[in-house]
Structures are given as C-alpha cells and as structure tokens.
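Just below is one structure, and these are the notes that go with it.
The values are calculated or read from the model by the stated rules, or taken from the named source; none is laboratory data. Values in this document were obtained by computation on a predicted structure and should not be read as measured data. Positions of Cβ are generated from backbone atoms using ideal geometry, with glycine treated the same way; all protein chains shown enter the neighbour counts. With ligands, DNA and RNA removed, areas are computed over all heavy atoms of the protein, side chains included. Shrake-Rupley method; radii C 1.70, N 1.55, O 1.52, S 1.80 Å.
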Amino acid sequence: MDKETEKKWIEAGRIGSAALHLGARLIKPGIKLVEIAEKVEQKIIEMGCKPAFPCNISRNDLAAHYTPPHNDREIFEEGDIVKLDVGAHIDGHISDNATTIDLGNNYPKLVKASREAVNNAIKILKPGLEIREIGKVIYQTIIDNDAYPITNLSGHGIDIYKQHAVPGIPNYDNKNENTLKEDQVIAIEPFATLGNGSVGEGAPSGIYKIETLRPVRSDIARQVLKFISEEYKTLPFAKRWVVKKFGSKGNLGMALLEREGILYSYPQLPELSKSIVSQAEHTIIIKDKPIVTTISD
Ligand code: CO
C-alpha cells in the first residue's frame, strides 16, 4: 500500500473514532436519538470526511442496524444499553468503529466482554494468521466474561467504497483457514449477550443501499436515485438524509425505488431471545505491526 493510500485509511479512522467518542459522551437519558445521530454525522463532515454509513444507534436487545428517522422524538431511557456504531470515509477509504454505553451501569461485565474480545483479537493479528484464530480468541474472551458471542454476526473485510467485503471475521471458530494478508483492511466487531447468541431480522432500520442501478419512470424516484448514487455510491445511507434533502417527497421516491427492487432496506437485528447485547469494534490495517486506524489520539 502506498503512503498516500495508507494516510487516507488512517485519517478516516481518526475521524470516525473522534465522532464515535463525541457521540458516546453526549448520550444521556432524555436526549433524543436523532440529536446524537446528527451530531456524530456532523462531526465527521466538519473534520473533513463523509459518513461511511448512517450513525447506528441500537439499544438493549437490538444488536445492530438502526438509525432514527427525520424529526424523530424517541429519547434514551435510564438503564439503556446503547451500541453506537460509526464510520467515516475519505474517497471510499472507510473506518468502522463501535462502542457500548451502559446508561445504568448495570452490565459492566457484558460491556467488558466485547471490548476485551476486540482488544485480545487485535493482539494476535499478523499477516499469515488463519481467520478462524481471530474467532477463537473472541469466543474464549466472551465466554470467560460469562457471556455468549453472537455467532451469526461478524466482522468483515473493508474495501474502497465497500463497507462489508470478504472475508467475514467470525466471533467464533468458523474453521476458515484462509489467512490474513499484509495491507488487508478488516473490522473486528464482537457482540456479547446474556441470551442464546443469535440475531434475527426485525423491522426496517431506516438504512438502505442501492441494490441494482436501473432506470426509473417516476420523476421524484429518478431525482432521488441520481442524488443517492452520486452522493453515497455503494455505501449504506439513511432515509433521514434523503428526507432532509427532498422533504416528504423523499419518502415517496424511496418507497418507489424500494418497490422496484432498486433499493435494499436493511432490517433491524434483534437478539432472538430478547437479551441485552454489547458490541465493540475497531478497523485495522494488517501489517507485521498492525495499525488500528480507529484508536483516537
Ligand atoms: Co462493521
């Protein structure tokens, strides 16, 4: 990887991390979810990046994939366990990082389980390491903290303008003997729960991506599609962003594009036994001495 490229990955990580930590500091009972999402996304833009995906705010038994709608009134409640998942990008060089905020301080060990799991996994990273070894470390760390890993969620490779690339980075030993390569960029994201450890698909998340590009008849749908394909390319985006740009007509445009199969709507991912979930995540460039891009300075 040339120096210019490496700098972009690292800068996207620094900014994604700063935005994550801003959001984590501001989350308090009584504050609106949408206020946090917008402040986090604004911070990314102010610092010179773009959001790589909508600010994800998933509470309690929701493991991942939720962003509040435009003008939403929902607030954080006393005792919420909040997963904040934030990403920034520069020219498609993406950072992806997450943390858990335990508003009642009721689950310190569960929060520690996912954080310690990502940190322990980072310690073993090097070119040539089998992917399954990462999963083994994550699994063991979470079990040692009296929790279960969510096995049907995983970390992932990251490519230019591709948030979820191969390989999947498992949270258990998935027997994948493929090895890490020098300069590969990956995100490691363990989820820990007190439940059975799998998620299902819930209600729409407010998060979308373009599935297939093809022409549309409706004028508003065409305008919306032009905007999102230019602005977000292959990256996930929020319906909230489209409604901000086009007003309520944005909702109609989105609905038409979804019906045509042009947009994919991500479902929310609730833990199936309805148990509390914690998450931690970092983005790393694989080297003999790996670079964790999402560590803030
Ligand atoms: Co991720």
Considering just Cα atoms, how many Å³ per residue does the convex hull of the stretch 204-267 enclose? 70 Å³
Under 13 Å from K7, Cα to Cα: aspartates and glutamates that are on another chain or at least 8 residues apart: D91, D183
In Å², rounded to a whole number, the accessible area per residue of the stretch 204-267 with probe 1.4 Å is 53 Å²
Using +1 at the Cβ of each Lys and Arg and -1 at the Cβ of each Asp and Glu in the chain, identify which of T100, N176, G253 lies farthest towards the dipole's positive end. G253
Note down the magnitude of the dipole of the chain about its Cα centre, charges +1 on Lys and Arg C-beta and -1 on Asp and Glu C-beta and zero elsewhere, to the nearest 20 debye. 640 debye
Report in % the part of the accessible area of the chain that belongs to carbon and sulfur, leaving out ligands and nucleic acids; probe 1.4 Å. 50 percent
Once the convex hull of the alpha carbons of the stretch 150-297 is built, what does its volume come to per residue, in cubic angstrom? 157 Å³
Heavy-atom accessible area order for W241, W9, largest first, 1.4 Å probe: W241, W9
The number of Lys pairs in the stretch 204-267 whose alpha carbons lie under 13 Å apart, excluding pairs fewer than 8 residues apart on one chain, is 4
Sum of side-chain charges, Y208 neighbourhood, beta-carbon under 12 Å (Lys, Arg +1; Asp, Glu -1): +1
With +1 on the Cβ of every Lys and Arg and -1 on the Cβ of every Asp and Glu, and nothing else charged, how large is the dipole of the stretch 144-228 about its Cα centre, in debye rounded to the nearest 20? 740 debye
Given a 1.4 Å probe and heavy atoms of the protein chains only, how would you sort L256, L110, largest accessible area at the top? L256, L110
In whole Å, what is the distance between the alpha-carbon centres of the stretch 228-293 and the stretch 148-219? 11 Å
Given 0.36 nm per residue, what is the gain on full extension from L252 to K7 after removing their alpha carbon distance, in nm? 84.2 nm
Cross-link reach list, lysines versus K175, counting only Cα pairs under 22 Å and skipping chain neighbours closer than eight places: K123, K126, K136
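With N residues in the stretch 143-223, what two-decimal value do you get for its Cα radius of gyration over 2.2 N^0.38 Å?
Here the answer is 1.51, to two decimals.
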Rounded to the nearest 20 debye, dipole of the stretch 204-267 from Cβ charges on Lys, Arg, Asp, Glu: 140 debye
Based on a Kirkwood Rh over C-alpha pairs, give the Stokes-Einstein translational diffusion coefficient of the stretch 13-146 at 4 °C and viscosity 1.567 mPa s in µm²/s. 82 µm²/s
From the C-alpha coordinates alone, can you work out the Kirkwood hydrodynamic radius of the stretch 178-221, in Å? 16.3 Å
Cα-based Rg and Dmax for the chain, where Dmax is the largest Cα-Cα distance (Å): 18.5, 56
For the stretch 1-67, taking Cα atoms only, what is the radius of gyration to one decimal and the Dmax to the nearest whole Å? 13.6, 46
